[in-house]
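Here is the structure we will look at.
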Amino acid sequence: MSELTFEQMLEESFKTIHAGEVVEGTVIDVKPDEMVLNIGYKSDGILTRYEYTNEPNVDLTAVAKVGDSMEVKVLKVNDGEGQVLLTYKRLAADRGNKRIEEAFNSQEVLKATVSQVLEGGLSVILDEVRIFIPASLVSDTYEKDLGKYAGQEIEFVISEYNPKRRRYIGDRKQLVLAKKAELQKELFEKIHEGDVVEGIVKNVTDFGAFIDLGGADGLLHISEMSWGRVENPKKVFKVGDPVTVLIKEINGSKIALSMKFEDQNPWKEAADKYAVGMEVTGVVARMTDFGAFVELEPGIDALLHVSQISRDHIEKPSDILKIGEEVTAKVVDLNEADKKISLSVKALLAPEASEEADEAAESDVESAE
């Protein structure tokens, strides 16, 4: 029997490998874009940055060092130059596929960092598997700017798993909705009408503001923002403002809020401050054809009827009054129950008219004598 040559003995001392095989390797050299592994074969294996991960611009010297062991997959036994081409990301993706399939079947909540913000959604990479989360499934509300999610770790579930087409769809929206439902349940279990709670202004409209109470939103209507008059909510509140509000009414899932706290109610002292017969001064706040409403203080308006504005006949208040004008008048009626006060400018003029009449009468008597 012929003896084996040294080269033949050396050849037989190495294991055989084939494409697709998973092998154990030891890093013997590493550069930013490539590493070399001893895989127990006659040739060393080459693992490029592109075949290491799907993450862009990764510096391989930051993730591996000489002496590290790692499992890799043989991509090509001979790249034409006698080198073995290896892949790590495809092995990880194979295992990731299995992981994603299991998560899809069990609806497990997954976590991953947003690697890309795309025009139509977000992209995350989990175990080297790229998962797309459409914009419509990112949140329960329309997100105009998805940029805020860049680099953030988010939770999601797999809503579509199609490895043949490499289509993996994530859904964050259902988790957001589930969390909100949980918080809403907790909130409604602890709040009651009449409670004073803290909230954050979530949105401001022409008719009011929506306040986030930590589980549900409540509506603070413009008429409930103050005992005084609020012309434009957007001049009073801005999104993100912390506010203290009163829960006025709970109707199903709807919450009506108020900032008209009873201890600040100006009508509590109205009977003393605006008793019948008192002379008061206020500002014309608004006008109708039948009279002008005079604001005596924030939250208390009094009616100055058109017939009480002057001793002379006038057709409508706007003929002699204007919005913002200061008016002094006499309180002629106070109805606490209905929160109504009536004023009269003419009542202040009556004594003067009476004196003139008395002087005229005295003059007539002297003339007759």
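The values are calculated or read from the model by the stated rules, or taken from the named source; none is laboratory data. Everything numeric in this text was worked out from a predicted model, so none of it was measured. Note that we place each Cβ from the backbone using ideal geometry, even for glycine, and neighbour counts take in every protein chain shown. We work out accessible area using only protein heavy atoms, side chains counted, and drop any ligands, DNA or RNA first. Shrake-Rupley method; radii C 1.70, N 1.55, O 1.52, S 1.80 Å.
How high is the relative contact order of the chain, in percent, with contacts defined as C-alpha pairs under 8 Å that are six or more residues apart? Spell out each step's value before the answer.
Values: 700 pairs, mean separation 28.7, N = 369.
That works out to 8 percent.
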Whole-Hz ³J(HN,Hα) for each residue in region 22-28, computed from phi via Karplus 6.51 cos²θ - 1.76 cosθ + 1.60 with θ = phi - 60°, x for glycine and proline: what do you get?
9, 10, 9, x, 10, 5, 10
With each label point set 7 Å from Cα along the Cα-Cβ vector, what nm distance links V196 and D333?
3.6
Checking region 16-88 for trypsin sites (Lys or Arg not before Pro) in a loop per DSSP with at most 12 other beta-carbon atoms within 10 Å yields K65
Give the shape of the chain as rounded, prolate or oblate, defined through the alpha-carbon gyration tensor: a ≥ b ≥ c are the square roots of its eigenvalues, a/c under 1.5 means rounded, and otherwise the shape is prolate if a/b is larger than b/c and oblate if not.
prolate
So who's got an amide H within less than 5 Å of the one on G291, skipping anything under 5 residues away but keeping other chains? H placed 1.01 Å off N, in plane.
V306
GNM on the chain, C-alpha springs below 10 Å: top fluctuator among A19, A103, A209?
A19
Are there any GluC sites (Glu not before Pro) in region 105-138 that are in a DSSP loop and have at most 15 other Cβ atoms within 10 Å? List them by number.
E108, E119
Ignoring everything but the protein chains, give the 1.4 Å probe accessible area of M259 in square angstrom, nearest 10.
40
Accessible area (Å², per residue) of the chain, counting only protein heavy atoms and a probe of 1.4 Å
60
Exposure rule at most 11 other beta-carbon atoms within 10 Å, DSSP loop chymotrypsin sites (Phe, Trp or Tyr not before Pro): the chain longest free segment
1-141
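With the cut-off at 1.5 for a/c, could you classify region 187-231 from its C-alpha gyration tensor as rounded, prolate or oblate?
Oblate, since a/c reaches 1.5 and b/c is not below a/b.
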Round to the nearest 10 and give me the degree value, 0 to 90, for the angle of helix 173-190's Cα axis relative to the longest principal axis of the chain.
40
Within a Gaussian network of the chain (alpha carbon springs, distance under 10 Å), most fluctuating of A271, A135, A216
A271
Label region 160-210 by shape, choosing from rounded, prolate and oblate, from the square roots a ≥ b ≥ c of the eigenvalues of the Cα gyration tensor; if a/c is under 1.5 it is rounded, and otherwise prolate applies when a/b is larger than b/c, oblate when it is not.
oblate
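Per 0.36 nm of contour for each residue apart, how much would the distance between D272 and V58 grow if the chain were fully extended, relative to their Cα-Cα spacing? Could the numbers behind the result be given before it?
Working: separation 214, 0.36 × 214 = 77.04 nm, distance 7.79 nm.
Roughly 69.3 nm would be gained on extension.
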Filter the trypsin sites (Lys or Arg not before Pro) in region 151-192 down to the DSSP loop ones having no more than 11 other Cβ atoms within 10 Å, then list what survives.
K164, R165, R166
Just read off the accessible area of I247 with the full protein assembly in place, 1.4 Å probe, to the nearest 10 Å².
0
